[in-house]
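For reference, the structure discussed in these notes is given below.
The values are calculated or read from the model by the stated rules, or taken from the named source; none is laboratory data. Quantities reported herein were computed from a predicted structural model and do not represent experimental measurements. Virtual Cβ from ideal backbone geometry, glycine too; neighbours counted across all protein chains shown.
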Amino acid sequence: MLTLYDIYMNLKESGSSSDFPNLLADKMHKKLLSAFKGVNTNWDKWCAINANMTDFKPHETVVLGEIGDLLEVLPTEEPIDSSMGEHVWTNQLKTYKRSFKIDRRTIINDDLKGIMTVPDKFGRASVRTIAKKAINYLETNPNTYDGNALFSVAHNNLGSTALTADETGANAVDAALNAIETATDNESGEIMGLNARYLVVPVALYKYALVLRDAEQIPNAAGTALVPNVVRGRFEVVKEPLFTDNNDWYVVADPNDIPTVEVGFLNNKRVPDILVKRPTLVSLAGGVTDPYSFDFEELVYLVRYDFAVAVGEYQGAYKSVVV
């Protein structure tokens, strides 16, 4: 079995052993990205992406409100000027890091396959971190720019019915879909014309969500007969294993229409980095060079991820809090 030490010695013979830490980092980064993309979470479906964050200063997102209906004017009249409100929230990049070390004993003793399990773990940790930050805004229900909780009676986007694969559950989802699709701008009062796209559920509710999406008929509330499924085909199902509550469920609009949870990345770089820090060792004792001191008594690898998460406009989401 090829070991890291074997790889180093081959490089040493070719005169390029100083490249070893960087070559190892490159292999690790590829493994990290593979694991990063393979985690079973779908936060990026229902979150809006802010591609314009270029530094770590607070960034304001400004969304203009709706305009009132067009007004008829006579040929001799000037058009009436329009006024628009605006919605503003602030998002700010933060840096998330973790490091791991590989010392010369590990390099001498371990095989490449063993070391390569480390970036897999960091890849999964990276995507879990950002997913949990985004999900936290749904679960903790912070205030939005108007001072009310994201999900609230004031916003007409809060329910309490359990998700079930019957008429009761279908009617609850129907109400959620309708609430988003008839949501109004809080300045002008005009309907925003949103598309309620996703039913976002924890793993425990996934089977019920699939029935509501696909079944032509479902049991009535009493369980005595079958009735038409009023929400069949009206949404996509998103399963989210990182929810901490197995009962609550959500309907979310297309994030291209409205940003309810906004995620930003530094210069729109959406994946984490692996960086390497290595010491330069110089033997002062003279004599034969220690073949194991190489250029890396201890290699320190750093996983770094720059991203930001903020809550945006409330009209794009509905939550059912089930006690």
The stretch 307-323 residues that are touching a residue at least 60 places away in the same chain (Cβ under 8 Å) and within 19 Å of THR54 (Cα to Cα), paired with ones that are aliphatic (A, V, I, L, M) and in a strand (DSSP E or B) (beta carbon under 8 Å, 6 or more apart) = PHE307/VAL263; PHE307/LEU266; ALA308/MET53; ALA308/VAL263; VAL309/VAL261; VAL309/VAL263; ALA310/VAL261
Per the filter on the stretch 156-173, residues surrounded by fewer than 21 Cβ atoms within 10 Å (Cβ to Cβ) and within 28 Å of ASP69 (Cβ to Cβ) are ASN156
Which of the residues that make up the stretch 204-221 are modelled with pLDDT of 95 or more, in contact with an Asp or Glu (Cβ under 8 Å, 6 or more places away or on another chain) and either crowded, with 17+ Cβ neighbours inside 10 Å or hydrophobic (A, V, I, L, M, F, W, C) (or both)?
-> ARG213, ILE218, PRO219
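For the stretch 172-192, does any single residue satisfy the condition of being under 30 Å from GLU86 (Cβ atoms), of a type in the set (Asp, Glu) and in contact with a helix residue (DSSP H, G or I) (Cβ under 9 Å, 6 or more places away or on another chain)?
Yes, the stretch 172-192 contains at least one residue that is under 30 Å from GLU86 (Cβ atoms), of a type in the set (Asp, Glu) and in contact with a helix residue (DSSP H, G or I) (Cβ under 9 Å, 6 or more places away or on another chain).
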Meets criteria (at pLDDT 80 or above and either farther than 19 Å from ILE274 by Cβ or of a type in the set (Lys, Arg) (or both)) for VAL88 | yes
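Let's see how each residue does on (1) among the charged types (D, E, K, R); (2) within 28 Å of TYR314 (Cβ to Cβ); (3) over 21 Å from the mean Cα position of the chain (by Cα):
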site: ALA204; (1), (2), (3): no, yes, no
site: LYS207; (1), (2), (3): yes, no, yes
site: ILE218; (1), (2), (3): no, no, yes
site: ALA221; (1), (2), (3): no, no, yes
site: PHE235; (1), (2), (3): no, yes, no
site: TYR250; (1), (2), (3): no, yes, no
